[in-house]
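Take a look at the structure below.
The values are calculated or read from the model by the stated rules, or taken from the named source; none is laboratory data. It should be emphasised that the depicted structure is a prediction, and the values quoted were computed from it without experimental measurement. A quick note on method: Cβ atoms are made from the backbone with ideal geometry, for glycine too, and the neighbour counts reach across all protein chains shown.
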Amino acid sequence: MEIELRGITKRFGAVTANSDVNLTIRPGEILGLLGENGAGKSTLMNVLSGLYRPDAGEILIDGKPVNFRDAKDAIHAGIGMVHQHFMLVPVFTVAENVVLGVEPTGRFDHLDLAAARRQVSDISGQHGLSVDPNAIIEEMPVGLQQRVEIIKVLFRSAEVIIFDEPTAVLTPQEVTEFFVIIRSLRDAGKALVFITHKLGEVLEVADRISVLRGGKVVGEGDPKTATDADLAEMMVGRSVRFAVNKRAVNTGAALLEVRDMKVLNERDEITVDGVSFEVRAGEVVGIAGVQGNGQTELVEAITGLRPALTGAVSFLGHDVTGASSRTRHRLGMAHVPEDRQKSGMVTDFTVAENAVLDSYYEKRFSSGVTMRWPAVNAEAAKIVDDFDVRTASIFSLGDHLSGGNQQKLVVGRELSRDIKLMVASQPTRGVDVGSIEYIHDRLIAARDSGVGVLIVSTELDEIMSLADRILVMFRGRIVASFTSETANVKDIGLAMAGVAA
Amino acid sequence: MSFNEEGPPTTSEMLQRVVVARGQVEDVVIVPVLAVALALVLGGITMLLTGVDVPRIGAAFSALFSGSFGSISALSETLTAATPVTLTALGIALGFRAGLFNIGAEGQMMLGGMAAVAVGFSFPGLPIFIHLPLALLVGALVGAAWAAIAGWLKAATGAHEVITTIMLNLIATQLTGYLLRNPPIQKPGRHDPISQSVLDSAMLPKLLTWLDPNLRLNAGYIIVLLMVALVYWLLFRTTLGFEFRASGLNPFAARYAGMRSGLIIVVVMAISGALAGLAGGVQVLGVLGRASPGFTGGGGFNGIAVALLGRSHPVGVLLAGILFGALEAGGRQMQVSAGVRIDLIAIIQSLIIAFVAAPLLMRAAFPWAFQKKAAVTR
């Protein structure tokens, strides 16, 4: 089944999300769809899967124009989507999840789960997915859950499968396995769309590449000849440097010492289970790991947002285990939180207000009672300048900034103080390629000036390019540690998956 | 969605105020204005449906206007009626800004008023410049203490302030009824619930008696203007206001920024309660001269409406308060000269609030007044 998108335009009020997009999806082929956040990838795929109706243009299936009124029409036409966030019922079995909504029924509307299990086994066997139909979703690793999503769309006889950022939640090993699956689907004659912003992956697995920028298709690439740099330039609209320029590490005294720390999560489960490490002045320590292995709780305990159950944190020689986050802030600890919109900024505050969100109490910005707005505004303008935050004015709302610019504002705010330690959690999540480069450079510049940097990231590439020492977290423990010389993707990947190196 | 291609603005451009976005104008101006207009129209239709003939409806609306803005005396009544409700609304608006819903302004106003009355009749011989401020201050402090209970319960135990303030309202009502029937509050020789009369040395001076001795406008409205300025200053000029607003808009970010949420909750509730207590004090010391059941006139509840209509901004609250005062003053005139019951005013007030609270409804009713909204995409 061949799909052609012809002249697709989709507007939301004054914003044009897709403008005259032409795209062909062919059977037996993997189309890599590259683009930064906000480039219009998701809108385009939502048009294709029937969630949005285009303002102009048409969709042709095997040369015949079709008109999707809703998502059901698209599913009937054989278009399936595997979303980035899985839509599975955690307490149901694989078979139950797969048939949900299209349950096979026998006489008297009896739910025929046996038939469901059989069909799931068949599909699983055909494509080498090796999924047990009786397994409970919440007990399965993320990589297998993703395969259940794939079985779901195959069960609905999809001929076209769209994968939205499928590798974002996978370990490196799971990514490799995913590539095997997607290739086998291609060889079975399915038409596949692989949406991503990761250049390496698209070069490895795609047969054709289309690049979206600003809602338009700005280029096509042949993965056999295209390079990282070409594609990145197409995505961003200018040339991008990948390697982080780094001087040799020159460490000083230990700034942060974490000793045998245990931390509970909201459900009172031990999520950080006896972690010890230290961060020295002038080095970058990276904590790698698949999301949900205790990194969030560890960072919160270090920065004073969550109490430690046992263990101790000392910072600059002070025991700060029970100290408030304000106390740690005063001592020179900076924190870039993992979710900038949830906690790193107030989106309904102006850029200026956000620029002093956690330092408003300092003498520079307040007299103790009243705010010194002129000083705040000057500081905001300086951060905006220094960190290349693209905004119309410092009085624009934080909400009006793109994700990358919001993050540059948060990182800029945290680095613009006299700090000793930077704790950066997912510093470049959801940030465009150009801003990633910028943020990485600034973090390294801070390290070179003697600041200790702790980076927690689920992006292994990011950890590998920034960190001088790498610690791998799995189920609340640090299971492996590497120096930048000994680090390699395979060993770190195994450690992330819990296989002792 | 696409980048600004003209290159980054310079620092000096960056420091210039942005033009107010169309969306903000819609939210702050267009929605309330249309809500008032639509509520008045529906009020007219209500009269029509209840058998009021068209000339009398005309007379009713004409009386509504002449009784609120038509003369000096009408203006005096409008501002007098606006006084307590603007004060409670300021407190409630402050709560909204910090993410707290103080339903308890009614109870805080009641107890604040009772305290002000008690001080007001208790100290004969005190000069007015001590007695009056003292009575107002005690009223505000009692309101603050009463509201702080709800704040403390929330900060310490997580009890929702909506529930606790409703309960505190009930307690305040019963307590007031009890106090009014018993010494030392009850007026000697009376058997109905009524307090002793406030001494002249604790009464707010009338402002316009030099024009006409019947004009009731009193210095309470000067207090209103001062409080509008004070709340504005507090919210937008002080570090405390910065913390209030951050906590209200994003409590996670406030916590991340090292703000002490528990303390902020208690302080916000206390200030909110102080304004409600002051409203009670101003009502008894400015207009009534004593307390009796229902002396608040629902000022605590109408304050919620005024705060909503005023978009939780001190200046908006000031204007919304004048509108509510006008509806009340004009409504009385309407009842007298057109024979339409003042209940209609409550209907109009309620409709205004319903429409303000439902901006999407206003968009659907008046699509030509709004820009098409861009759907949010990721």
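Scan region A:197-211 residue by residue and report those that are modelled with pLDDT of 85 or more, crowded, with 21+ Cβ neighbours inside 10 Å and aliphatic (A, V, I, L, M). Listed by number, the residues that qualify are A:202, A:205, A:206, A:209, A:211.
Here's the yes/no breakdown for (1) in the same structural domain as residue A:424 (by TED's automatic domain parsing); (2) in contact with a helix residue (DSSP H, G or I) (Cβ under 6 Å, 6 or more places away or on another chain); (3) charged (D, E, K, R); (4) over 17 Å from residue B:250 (Cβ atoms):
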residue: A:341; (1), (2), (3), (4): yes, no, no, no
residue: A:366; (1), (2), (3), (4): yes, yes, no, yes
residue: A:372; (1), (2), (3), (4): yes, no, yes, yes
residue: A:399; (1), (2), (3), (4): yes, no, yes, no
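Selection of region A:177-211 for residues being charged (D, E, K, R) and assigned to a strand (DSSP E or B) yields only A:208. For region A:409-431, state whether one or more residues are modelled with pLDDT of 90 or more, part of a helix (DSSP H, G or I), farther than 28 Å from residue A:291 by Cα and of a type in the set (D, E, K, R). Scanning region A:409-431, I find no residue that is modelled with pLDDT of 90 or more, part of a helix (DSSP H, G or I), farther than 28 Å from residue A:291 by Cα and of a type in the set (D, E, K, R), so the answer is no.
Would you confirm, using the coordinates I've provided, whether residue A:319 is modelled with pLDDT under 95 and within 13 Å of chain B (Cβ to nearest Cβ)? Considered against the rule, which asks whether it is modelled with pLDDT under 95 and within 13 Å of chain B (Cβ to nearest Cβ), residue A:319 comes out as no. Per the listing A:477, A:442, A:417, A:413, the residue uniquely over 23 Å from residue A:341 (Cα atoms) and basic (Lys, Arg) is A:477. Here are some conditions: (1) at pLDDT below 90; (2) within 14 Å of chain B (Cβ to nearest Cβ); (3) farther than 29 Å from residue A:142 by Cβ. Residue A:9 meets all but one. Which one does it not meet? For residue A:9, the failing item is (1).
The rows are residues; the columns are (1) in contact with a strand residue (DSSP E or B) (Cβ under 9 Å, 6 or more places away or on another chain); (2) within 21 Å of residue A:467 (Cα to Cα); (3) of a type in the set (Asp, Glu); (4) part of a loop (DSSP other than H, G, I, E, B).
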site: A:277; (1), (2), (3), (4): yes, yes, no, no
site: A:282; (1), (2), (3), (4): yes, yes, no, yes
site: A:298; (1), (2), (3), (4): yes, yes, no, no
site: A:307; (1), (2), (3), (4): yes, no, no, yes
site: A:314; (1), (2), (3), (4): yes, no, no, no
site: A:321; (1), (2), (3), (4): yes, no, no, yes
site: A:326; (1), (2), (3), (4): no, no, no, no
site: A:335; (1), (2), (3), (4): yes, yes, no, no
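Among the residues of region A:378-389, the one identified as facing chain B (nearest Cβ under 8 Å), of a type outside the set (Asp, Glu) and either more than 22 Å from residue A:407 (Cα to Cα) or under 25 Å from the mean Cα position of the chain (by Cα) (or both) is A:384.
Looking across A:375, A:392, one residue alone is away from chain B (no Cβ under 12 Å) and farther than 24 Å from residue A:256 by Cβ. It is A:375. Any residue at all in region A:439-448 that's assigned to a loop (DSSP other than H, G, I, E, B) and outside the structural domain of residue A:170 (by TED's automatic domain parsing)? No, every residue in region A:439-448 fails to be assigned to a loop (DSSP other than H, G, I, E, B) and outside the structural domain of residue A:170 (by TED's automatic domain parsing). Out of the residues in region A:12-51 meeting the condition of being assigned to a helix (DSSP H, G or I) and more than 9 Å from every other protein chain (Cβ to nearest Cβ), tell me which one is modelled with the lowest pLDDT. The residue in question is A:41. Hey, could you check region A:212-232 for residues that are part of a loop (DSSP other than H, G, I, E, B) and within 14 Å of chain B (Cβ to nearest Cβ) and say which is surrounded by the most Cβ atoms within 10 Å (Cβ to Cβ)? Looking at the filtered set, the residue picked out is A:215. Each residue in region A:380-403 was checked for being assigned to a helix (DSSP H, G or I) and surrounded by 21 or more Cβ atoms within 10 Å (Cβ to Cβ), and 5 of them qualify. Return the only residue of B:312, B:337 being touching a residue at least 60 places away in the same chain (Cβ under 8 Å), polar (S, T, N, Q) and at positive phi. Checking each option against the conditions leaves just B:312. Summed over region A:24-41, the residues that are in contact (Cβ under 8 Å) with a residue 60 or more places away in the chain and surrounded by fewer than 21 Cβ atoms within 10 Å (Cβ to Cβ) give a count of 5.
Among the residues of region A:337-378, the one identified as of a type in the set (D, E, K, R), crowded, with 22+ Cβ neighbours inside 10 Å and in a loop (DSSP other than H, G, I, E, B) is A:358.
Answer yes or no as to whether residue A:75 is crowded, with 19+ Cβ neighbours inside 10 Å, within 27 Å of residue A:46 (Cα to Cα) and not charged (D, E, K, R). Against the criterion (crowded, with 19+ Cβ neighbours inside 10 Å, within 27 Å of residue A:46 (Cα to Cα) and not charged (D, E, K, R)), residue A:75 qualifies. One residue stands out among those in region A:128-169 that are small (Gly, Ala, Ser) and under 21 Å from residue A:29 (Cβ atoms): the one that is surrounded by the fewest Cβ atoms within 10 Å (Cβ to Cβ), which is A:157.
Condition first: under 21 Å from residue B:277 (Cα atoms) and not hydroxyl-bearing (Ser, Thr, Tyr). Now tell me which residues in region B:154-173 satisfy that. Across region B:154-173, the qualifying residues are B:154, B:161, B:162, B:163, B:166, B:167, B:168, B:169, B:170, B:171, B:172. Within region A:464-488, the set of residues being under 21 Å from residue A:259 (Cα atoms) and among the β-branched types (Val, Ile, Thr) comprises A:470, A:472, A:478, A:479, A:483. Can you confirm whether region A:345-355 contains a residue that is at the interface with chain B (Cβ under 10 Å from one of its Cβ atoms), out of contact with any strand residue (DSSP E or B) (no Cβ under 6 Å at 6 or more places or on another chain) and farther than 19 Å from residue B:237 by Cα? Yes, the conditions are met somewhere in region A:345-355. Restricting attention to region B:75-101, which residues are surrounded by fewer than 24 Cβ atoms within 10 Å (Cβ to Cβ) and outside any helix (DSSP H, G or I)? Answer for region B:75-101, where residues must be surrounded by fewer than 24 Cβ atoms within 10 Å (Cβ to Cβ) and outside any helix (DSSP H, G or I): B:99, B:101.
Condition check ((1) in contact (Cβ under 8 Å) with a residue 24 or more places away in the chain; (2) closer than 24 Å to residue A:429 by Cβ) across all residues:
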residue: A:300; (1), (2): yes, yes
residue: A:303; (1), (2): yes, yes
residue: A:310; (1), (2): yes, no
residue: A:323; (1), (2): no, no
residue: A:326; (1), (2): yes, no
residue: A:330; (1), (2): no, no
residue: A:336; (1), (2): yes, yes
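Tell me yes or no: at least one residue of region B:283-290 is under 16 Å from the mean Cα position of the chain (by Cα) and either assigned to a helix (DSSP H, G or I) or within 14 Å of chain A (Cβ to nearest Cβ) (or both). Scanning region B:283-290, I find at least one residue that is under 16 Å from the mean Cα position of the chain (by Cα) and either assigned to a helix (DSSP H, G or I) or within 14 Å of chain A (Cβ to nearest Cβ) (or both), so the answer is yes.
Considering region A:103-116, the residues that are surrounded by fewer than 13 Cβ atoms within 10 Å (Cβ to Cβ) and hydrophobic (A, V, I, L, M, F, W, C) include one that is farthest from the chain's Cα centre (by Cα), namely A:108.
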